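Before any comments, here is the structure.
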Amino acid sequence: MAVTLMNPSGLPQIPVYRQVSIATGSKLVFVAGQVAWDAEGVTVGEGDLAAQVERSYLNVGTALAAVGASFDDVVKLTVYVVDWTPDKMPLFLEGVARAAAKLSTTPMAPGTLIGVATLDVPDHLVEVEATAVLD
């Protein structure tokens, strides 16, 4: 495996997330931001943050699988959430946990959550992009 995830001593120990990833592979994979669309381009979970987070992560998983990768190869996630406020964290984490269970992956790689005013389509509440490394 080309990626090792860790939580260094002195940083918060978050069960579903790691603060650092170490990549030793040589093939970089960049997955464009994925939103809560199904294969036909229909928004899944309209108005439901947890459902959209779950679907966005599953779509990242689909993109990774297409190149022979999985979330085990992800070194960095960037997540954009519309009108982010800290009280939305439980719904966000619920969506991540549901996706992780379906993807059989935990913990998730380091990531950055960024609050934004809007995304490409008004119905979209979240967008997830990933960088992965393969041997």
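The values are calculated or read from the model by the stated rules, or taken from the named source; none is laboratory data. The structure presented is a predicted model; accordingly, all values stated were derived computationally and were not measured. Using ideal geometry, Cβ is built from the backbone for each residue, glycine included, and neighbour counts are taken over all protein chains shown. For the accessible areas, the whole protein counts, side chains as well, though only heavy atoms, and no ligand, DNA or RNA atoms are used. Shrake-Rupley method; radii C 1.70, N 1.55, O 1.52, S 1.80 Å.
Of the listed residues Met108, Met1, the order by accessible area with a 1.4 Å probe, largest first, is Met1, Met108. Remark: spin-label model distance Ile14-Ala101 equals 2.0 nm, labels positioned 7 Å along the Cα→Cβ axis.
Model label points for Ala39 and Val116, set 7 angstrom from Cα along the Cα-to-Cβ axis, are 2.6 nm apart.
Summing charges over all other residues whose Cβ lies under 11 Å from the Cβ of His124, with Lys and Arg as +1 and Asp and Glu as -1, gives -3.
Counting 0.36 nm for each residue step from Ala66 to Asp48 and taking away their Cα separation leaves a gain of 3.8 nm.
Calculate what fraction, in whole %, of the accessible area of the range 1-131 sits on carbon and sulfur atoms when a 1.4 Å probe is rolled over the protein chains.
Carbon and sulfur: 59 percent of the exposed surface of the range 1-131.
Build a GNM of the chain with springs between Cα atoms under 10 Å apart, and of Tyr80, Tyr17, Tyr57 the one that fluctuates most is Tyr17. Near Gly33, within a Cβ-to-Cβ distance under 10 Å, what is the net charge of the other residues, with Lys and Arg +1 and Asp and Glu -1? Local net charge: -3. Listed by chain and number, the lysines whose alpha-carbon sits under 18 Å from that of Lys76, ignoring those within fewer than 8 places in the same chain, are Lys27. For the Cα atoms of the chain, what angle does the longest principal axis make with the long axis of helix 89-103, in degrees from 0 to 90, nearest 10? Between the helix axis and the principal axis of the chain, the angle is about 60 degrees.
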